[in-house]
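Below is one structure; the comments refer to it alone.
Every number in this text was worked out from the coordinates using simple rules, so none of it is lab data. Model, not experiment: these values are computed from the prediction. We place every Cβ from the backbone using ideal geometry, glycine too, and count neighbours over all the protein chains shown.
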Amino acid sequence: MRFKFFISVFIIYLFHITISRADQRSYLWTYEYQITDTGEAELEQYTTFSTPDIDSFKTSGFTELNFELEVGMNKRFDFGIYQVFTQSAGESLKYSGFKLRGRYKFFEKNEYILDPLLYVEYKGNQTFSDHEFEAKLILAKDIGKFNVSLNPYFELAYKDKEWEFVPKYAAGISYHPAELFAFGLEAKGDDHGNYIGPTISHGRKDLWIALGTLFNAGKVDEGSPEFLVRMIFGIGL
């Protein structure tokens with residue numbers, strides 16, 4: 001009983017904590033032009049459901065949970081650490097690895113037609129047998145109440161003693177009719193398949209939540225997801 005009480009108090013504290021700025025998101029797979037402010041920190045939790053066959057989600061579904069702590073190191077650079085857990089349908093949740101991520105802001109906003117950021121990420125597992133590198137160029141622009149973001153990137157993965165290079169992209173357009181609300185359309189893809197679907201987000205920069213779904217657009221490779229759902233919520237510290 002006492003344990004439940006302390007958990008309840010902790011959750012209430014998280015949802016009422018006051019901070020200056022955090023990394024509010026309008027998209028689920030696409031990044032915008034923003035980093036965490038200097039000296040500030042944020043907790044983010046990603047939940048992603050996917051399935052290679054939408055008609056048999058209960059038996060073929062796959063879940064991935066990401067827990068991230070990101071910190072603003074200075075006015076141009078922030079750094080994030082992720083812990084990743086996965087679960088296949090009918091199996092137990094298991095720890096699958098960690099990610100280290102950095103974003104660097106070259107220029108101030110509105111200096112160029114598109115605002116650029118550099119995103120670099122490393123993903124490893126607990127045995128240090130698999131390695132994955134990701135480099136992403138974030139290009140975005142706010143036009144009135146609209147935002148347009150484009151992320152061309154590549155993934156370089158080492159698994160089973162082989163390297164694989166995969167070019168990828170993510171893109172989104174969103175509309176912000178009010179300070180606390182945004183909705184839009186997002187797309188992503190690579191050589192294995194392409195996806196598109198709606199997104200919605202709500203909240204301020206200290207406490208926010210975003211939800212999006214993606215459906216396959218055309219054929220996808222065997223074993224690749226046919227349908228994805230992702231939810232992210234962020235709490236500023």
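For region 21-236, what is the convex hull (Cα atoms) projected area averaged across all directions, in square nanometres?
Taking a quarter of the hull surface, the average projection is 12.2 nm².
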Of all DSSP beta bridges in region 28-75, what percent run antiparallel (nearest 5)? 90 percent
Could you give the dipole magnitude of region 21-236 about its Cα centre, charging the beta-carbon of Lys and Arg +1 and that of Asp and Glu -1, in debye to the nearest 20? 480 debye
Note to self, the chain gives a 222 nm [θ] from helices alone (DSSP H runs n ≥ 4, -39500 (n - 2.57) apiece, / all residues, nearest 500) of -2500 deg cm²/dmol
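Sorted by average packing, counted as other Cβ atoms within 10 angstrom per residue and highest first, what order do 179-192, 109-122 take? Walk me through the numbers before you get to the answer.
Working: 179-192: 16.4, 109-122: 14.1.
Descending packing order for the listed peptides: 179-192, 109-122.
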Residue by residue through region 74-86, what is 3J(HN,Hα) from phi via Karplus (6.51 cos²θ - 1.76 cosθ + 1.60, θ = phi - 60°)? Round to whole Hz and write x for glycine and proline. 7, 6, 10, 9, 10, 9, x, 10, 10, 10, 10, 10, 9
For S96, residues with placed amide H under 5 Å, excluding near neighbours: V84, F85, T86
Violations at 23 Å Cα threshold for listed pairs K58/K188; K58/K168; K105/K205; K75/K141 -> K58/K188; K58/K168
Out of G102, G193, G39, a Gaussian network model of the chain with alpha-carbon springs under 10 Å gives the largest mean-square fluctuation to G39
Give me the dipole magnitude in Debye, nearest 20, for region 47-129 about the Cα centre, with unit charges on the beta carbon: positive for Lys and Arg, negative for Asp and Glu. 300 debye
The answer for L237, listing residues at least 5 apart or on another chain whose modeled amide H is closer than 5 Å to its amide H, is A41, E42, L43
HN-Hα couplings for region 152-165 via Karplus (6.51, -1.76, 1.60; θ = phi - 60°), in whole Hz with x for Gly/Pro, come out as x, 7, 9, 10, 10, 10, 10, 8, 6, 6, 9, 9, 10, 10
Which of rounded, prolate or oblate describes region 56-117 when judged by the alpha-carbon gyration tensor and an a/c cut-off of 1.5? oblate
Across region 175-189, in residue order, what do the Karplus-derived ³J(HN,Hα) couplings come to in whole Hz, using 6.51 cos²θ - 1.76 cosθ + 1.60 with θ = phi - 60° and x for Gly and Pro? 10, 10, x, 9, 4, 9, 9, 8, 9, x, 9, 9, 9, 7, x
For K219, go through the aspartates and glutamates and keep the ones whose alpha-carbon is under 20 Å away, minus same-chain ones fewer than eight residues off. D53, D55, E186, D190, D191
Which one of E64, E222, E162 has the biggest mean-square fluctuation once the chain is modelled by GNM with Cα springs under 10 Å? E162
Which listed residue (G39, A170, A187) has the Cα farthest towards the positive end of the charge dipole for the chain, taking +1 on Lys and Arg C-beta and -1 on Asp and Glu C-beta about the Cα centre? G39
